[in-house]
Amino acid sequence: DPAYYSRIMDESRTEEVDRNYDLEKIRNAIKSIPESHFIPFEMYLSGFKYREIAERTGVSLGTIKSRIFHCRKKLKAILVE
């Protein structure tokens, strides 16, 4: 049935557009975060512990915790919109 296949194609295009929009929104959210905050956050997501991040970046442990917290909070706020 050609109409059936046409509907499937339309639905997959819609999902692709939604997915591309979401990825673009995520990319823009990440770009809006200062590198000094995003790098520790990225390291944390990669499995580094707070203390390891502090040692590798030369930034105090408290500052690392604060930057990761604020980065997470900002990303969440942007992505919830």
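The values are calculated or read from the model by the stated rules, or taken from the named source; none is laboratory data. Everything quoted here is computed from the prediction, not taken from an experiment. Cβ coordinates were reconstructed from backbone atoms using ideal geometry, including for glycine residues, and neighbour counts include every protein chain displayed.
When you look at Ile64, is it at pLDDT 80 or above and among the aliphatic types (A, V, I, L, M), yes or no? Criteria met by Ile64. If you go through region 16-33 and keep only what is more than 12 Å from Leu75 (Cα to Cα) and either at pLDDT 95 or above or surrounded by 11 or more Cβ atoms within 10 Å (Cβ to Cβ) (or both), you end up with just Asp22. Considering the conditions (1) surrounded by fewer than 15 Cβ atoms within 10 Å (Cβ to Cβ); (2) among the aliphatic types (A, V, I, L, M); (3) at pLDDT 90 or above, Ile8 is excluded by exactly one of them, (3).
Looking at region 31-81, the helices (runs of 4 or more DSSP H) lying wholly inside it that each contain 3 or more residues that are under 13 Å from the mean Cα position of the chain (by Cα) sit at 35-45, 61-80.
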